[in-house]
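Here it is: the structure, laid out below.
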Amino acid sequence: MDIPSKYSSQSVESKWYDYWMKHNYFHSTPDEREPYTIVIPPPNVTGVLHMGHMLNNTIQDVLIRRARLLGKNACWVPGTDHASIATEAKVVAKLKAQGIDKNDLSRDEFLKHAWEWTDEYGGVILEQLKKLGCSCDWDRTKFTMDDDMSEAVIKVFVDLYNKGLIYRGFRMVNWDPEAKTTLSDEEVIHVEKQGLLYYLEYQVEGSDEKLTIATTRPETIFGDTAICINPDDERFSHLKGKKAIVPICGRVIPIIEDAYVDIEFGTGCLKVTPAHDENDKVLGDKHQLEVVDIFNDDATLNSFGMHYEGQDRFAVRKALAKELEDQGILVKTETHINKVGTSERTKAVIEPRLSDQWFLKMEDLAQPAIDAVLKTGDVKLFPKKFENTYRHWMENIRDWNISRQLLWGQQIPAYFYGDGKEDFVVAETEDEALKLAIAKTGNSNLTTQDLTQDTDALDTWFSSWLWPISVFDGIRNPENEEIKYYYPTNDLVTGPDILFFWVARMIIAGYEYKDERPFENVYLTGLVRDKQRRKMSKSLGNSPDALKLIEDYGADGVRVGLLLSSAAGNDLMFDEALCQQGRGFANKIWSAFYLTTLWEVQDMEQPDSSKIALEWYESKFQAALIEIEDHFSKYRLSDALMVIYKLIYDDFCGWMLEMVKPAYQQPIDSKTYKKVMSIFEENLKIVHPFMPFITEDIWQRIEERSSNEALIVAKWPESKPIQAHLITEFDFASEVISGIRNIRKQKNIAFKDAIGFSVVNNENVAPTFDEVIVKLGHLERFDYVNEPVEGALTYRVKSNEYFIPMEGSIDVDAEIKKLTDELNYTEGFLKSVQKKLSNERFVAGAPEQVVASEKKKEADALAKIETLKSSLASLK
């Protein structure tokens, strides 16, 4: 087999991904093995691969590939989310570019365009995940708008309605004027913004008196229906029962009293706008005030806005402020910072709006999910710190607004048969709805023509909260083989930003519909940030092209780069240099393999140095394996990778191969070679989950394999006894070897020149690695002596003293002068440090770490002086 000297990721990655796909390694069906199941957090069908996806899916692939190697029936279910708001916005934009207005289309016509768009652009991200090496069971790919998935959503809606948990209510909701739909509280992000506080004067009817009222939203005066004062506020007691006149529009409104008004806050008077503020709505209901809605669904003003009709709310605010100022009604303005609700999806400022919407009662549903995470530990969050966030959300949970004023999504299965608010039925199909309507009304003449289905769609999260169940058809067929085998799943990998949106709701659904947890462990990744700790975004231009990274560094290199910079739950400070490090690691592994292909193998006696080197590495490997498995158990994947990185880079490549490789143009014995390749294979197994492509390629090159012998389905290394003394003894021996190499480097002694070597073995070190020291130090002899050797350079490892005779190797006189100069400098340096440390004011006043640093300098100088004096004594 022709083996290139350099590793080329581009020629390898597509080859092995196609091979894995061809042999169906990713596919899972129920069998006698223990299942290991992950469901992918379904990315938006509109999405393309970004750094967050790369991190999240790399982690999932590491877990699933390791599970395969452990002999488990690994099943990773992929799919996409229909993302109602995002997808509908893209389709509307596409139609607009074609000169088509969404409002001119019927529901069916719009959905036809939406499906065409989804079929053309949807699923791109899943193809991109293949480039990363993701070993999903692609045969199981699901989409939250698939027929079976939608049927499950509708079935759940009807069930919860019949249980009295879903209801229709006229409530103040969060209105997104850009997407033109309601949002749940969790989809509203409160952003601190600086604005103005406007002080306006309202005329008291029938008098010259004026009331000053402060507001951040002067445009809402068109919806004012009362002024409220505190009944205990003596300043305004004379106004009880009187009325005021709203500026500009001239509406006469009552002055009401309520203890809700804080006497100490602002002017003590409050304008009440029940249609556009949640607290005002409560006051309005209590005092039976008129409700005046001044906004259209795009947040332009309607006819109540008078001459501002059709203008945007923020444009009106500016223009109205000038009009009020010109009329002497605007007394003053002050800068004011407040938190403004914005849409998580469109970033538009949210408008509180009264509307008929569908809600799901959450308090009782949430309790099993609270207990699972916070009491029984049936569901574990990694890192544990997120339990506090979870607790806060879940213990303050509100009813979930599940209806959206969108066309793209599952249409709410409520059917209206009359004009009354209660003239509706809820059913899975139109035929079932008709039966219920006839039974409810007693009118047997009703037909499906008399039924009108609710035009709203369900919140996207109302479909994805069923994801771990519905992907195995567990809602429609709760007793089917797959749901019994794969559910509950094992691990969920996702971001903490959707801990409530998605994770908590899946746990709620799991206990409601399967009476058990949907997953055992939740691994919460951090956000991907740049080196300056900024969140990656297109607007900042700091988000690298994910596919370009793969092209430049290879998928394996990018996977390693991501994981080296990611600790569980902490934000990832991404640096492209880490991908270079990942690529460098791949090249190191390849070079190690290439080296072994150059060896000539012969049947000959195995050197003692090779025998002990192999025994040492096996123990080192086993010790690393224990660490790796401990890190995996705690979801510290970056730490597991770092243990592997150091084991391969330092111990295997840096030491073991050096210890066993034959001399230049000499053969290697067959026993050592076979063991080296066996060890190499074990190395490949532990690296494979992190770097699947290069490991499979080398595995297949080591020897010809059948399809059932591929690395992807190999067996994870088994634990074996560790000879701990070998690890300890080699740690010492490696320092001895490093000492020899340092002296060779300092004295320019060529490695081809063998040198003498002696030791005073004060530490009683075992001679286990003497042959290795001889080989790696290129020693002509290794003598144990009782007294220091004259005319030799020396160094220490602990209390052991090592000597390298200098005859013929160096100019002794020049070396004595050099060492004397260095000794004089070091003694002078020591005096300056000791002078500083003898100064009581310095020691008492300097920071503790500064004093500690000076003391370390003193100790280092003393040790160096001792070594220099010893070396000089030997030379003289």
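The values are calculated or read from the model by the stated rules, or taken from the named source; none is laboratory data. The model shown is predicted, which means the values in this text are computed figures rather than measured ones. All Cβ positions, even for glycine, are placed from backbone atoms using ideal geometry, and neighbour counts span all protein chains on display. Remember, those area values only see protein heavy atoms, side chains included, never the ligands or the DNA or RNA. Shrake-Rupley method; radii C 1.70, N 1.55, O 1.52, S 1.80 Å.
For the stretch 413-494, compute the orientation-averaged projected area of the C-alpha convex hull (one quarter of its surface), in nm².
Dividing the Cα hull surface by four gives the mean projection, 7.6 nm².
Which residue, Ile755, Leu793, Ile712, has the largest displacement toward the positive end of the dipole of the stretch 671-801 when charges sit on each Cβ (Lys, Arg +1; Asp, Glu -1)?
Farthest towards the positive pole: Ile712.
At q = 0.10, 0.18, 0.20, 0.21 Å⁻¹, what log₁₀ I(q)/I(0) does the stretch 53-200 have when each alpha carbon counts as one equal point scatterer in the Debye sum?
With no solvent term, the Cα-only Debye profile gives -0.61, -1.25, -1.30, -1.33.
Calculate the all-directions average of the projected area of the stretch 1-127's alpha-carbon convex hull, and give it in nm².
Spelled out: convex hull of the Cα atoms, projected over all directions, averaged, 12.2 nm².
Which order do the peptides 101-108, 508-515 come out in when sorted by mean C-beta neighbours inside 10 angstrom, highest first?
Result, highest mean Cβ count within 10 Å first: 508-515, 101-108.
Going through the stretch 223-271, which chymotrypsin sites (Phe, Trp or Tyr not before Pro) have at most 13 other Cβ atoms within 10 Å and a DSSP loop state?
Phe265
In terms of Cα to Cα distance under 19 Å, which lysines are near enough to Lys745, apart from those fewer than 8 places away along the same chain?
Lys775, Lys817, Lys818, Lys864
With a cut-off of 8 Å between alpha carbons and a minimum separation of six or more residues, what is the relative contact order of the stretch 464-595 in percent?
21
Let me ask something additional. Return the long-range amide H neighbours of Thr460 (sequence gap of 5 or more, or a different chain), with a cut-off of under 5 Å between placed amide H atoms.
Ser84
Could you list, in their original order, any pairs among Lys798/Lys855; Lys6/Lys671; Lys384/Lys514; Lys375/Lys715 whose Cα atoms are separated by more than 30 Å?
Lys375/Lys715
How large is log10 I(q)/I(0) at q = 0.18, 0.20 Å⁻¹ when the Debye formula is applied to the Cα atoms of the stretch 61-132, each weighted equally and without solvent?
-0.77, -0.87
Considering only protein heavy atoms and a 1.4 Å probe, what is the carbon-and-sulfur percentage of the accessible area of the stretch 10-66?
The computed percentage sits at 50.
Okay, next question. Can you find, among Gln411, Ile508, Leu451, the residue farthest towards the positive end of the dipole of the stretch 406-552? Put +1 on the C-beta of Lys and Arg, -1 on that of Asp and Glu.
Checking the options against the dipole of the stretch 406-552, the answer is Ile508.
While we're on this one: Once neighbouring chains are kept in place and the probe is 1.4 Å, which whole percent of the accessible area of the stretch 140-279 is contributed by carbon and sulfur?
Result for the stretch 140-279: 46 percent of the exposed heavy-atom area is carbon or sulfur.
Oh, and also: Could you tell me the relative contact order of the stretch 1-154? Use alpha-carbon pairs under 8 Å, at least six residues apart, and round to a whole percent.
Relative contact order for the stretch 1-154 comes out at 34 percent.
Sticking with this one: Please list, in chain and number order, the residues 5+ apart from Ala226 or on another chain whose amide H is under 5 Å from its amide H, with Hs placed from the backbone.
Long-range HN contacts for Ala226: Val272.
Here's something else I'd like to know. Taking only Cα atoms, what is the 0 to 90° angle, nearest 10, from helix 608-633's long axis to the longest principal axis of the chain?
20
Hey, another quick one. Return one number: the angle in degrees, 0 to 90 and rounded to the nearest 10, between the long axis of the Cα atoms of helix 576-597 and the longest principal axis of the Cα atoms of the chain.
Here the helix axis deviates by roughly 40 degrees.
Name the chymotrypsin sites (Phe, Trp or Tyr not before Pro) in the stretch 642-711 that are in a loop by DSSP and that have at most 16 other C-beta atoms within 10 Å, would you?
Counting only loop positions with at most 16 other Cβ atoms within 10 Å, the chymotrypsin sites (Phe, Trp or Tyr not before Pro) in the stretch 642-711 are Tyr664.
Same structure again: Which of the GluC sites (Glu not before Pro) found in the stretch 70-134 are loop residues per DSSP with 10 or fewer other Cβ atoms within 10 Å of their Cβ?
Those that pass, being in a loop and sparsely packed, number zero.
Pull up the cross-link candidates among the aspartates and glutamates for Lys531, meaning alpha carbon to alpha carbon under 14 Å and not fewer than 8 places away within one chain.
Excluding near neighbours in sequence, the set is Asp571, Asp575, Glu576.
What is the helix-to-structure angle for 812-837, meaning the angle in degrees between its Cα long axis and the longest Cα principal axis of the chain, kept from 0 to 90 and rounded to the nearest 10?
40
While we're here: Shape verdict for the stretch 610-656, please, from the Cα gyration tensor: rounded (a/c under 1.5), prolate (a/b greater than b/c) or oblate.
oblate
Can you give me the relative contact order of the chain as a percent, contacts being Cα pairs under 8 Å and 6 or more apart?
12
Mind listing the phi-derived Karplus ³J(HN,Hα) values for the stretch 335-348, rounded to whole Hz, using 6.51, -1.76 and 1.60 with θ = phi - 60°, and x for any glycine or proline?
5, 8, 9, 9, 8, 10, x, 10, 6, 4, 8, 9, 6, 5
From the alpha carbon gyration tensor of the stretch 772-876, can you work out the equivalent ellipsoid semi-axes (sqrt of 5 times each eigenvalue) and give them in Å, largest to smallest?
Details: eigenvalues 246, 57, 21 Å².
The equivalent ellipsoid of the stretch 772-876 has semi-axes of 35, 17, 10 Å.
Next up: Of Lys155/Lys421; Lys240/Lys339; Lys22/Lys685, which sit over 26 Å apart, Cα to Cα?
Exceeds cut-off: Lys240/Lys339.
Whose amide H sits under 5 Å from the amide H of Phe757, counting only residues 5 or more places off or on another chain, with H placed in the peptide plane?
Under 5 Å from the amide H of Phe757 lie the amide H atoms of Arg781, Asp783, each far enough along the sequence or on another chain.
Can you return the lysines within cross-link range of Lys94? Criterion is Cα-Cα under 18 Å, with same-chain partners fewer than 8 residues away left out.
Straight-line reach from Lys94, under 18 Å: Lys102, Lys112, Lys180.
Oh, and also: Could you give the accessible area per residue of the chain, probe 1.4 Å, as a whole number in Å²?
I get 46 Å² per residue for this part.
To the nearest whole percent, what portion of all C-alpha pairs in the chain is separated by more than 52 angstrom? All intermediate terms of the calculation are to be shown ahead of the outcome.
Values: 148635 of 383250 pairs.
Above the 52 Å cut-off, the chain has 39 percent of its Cα pairs.
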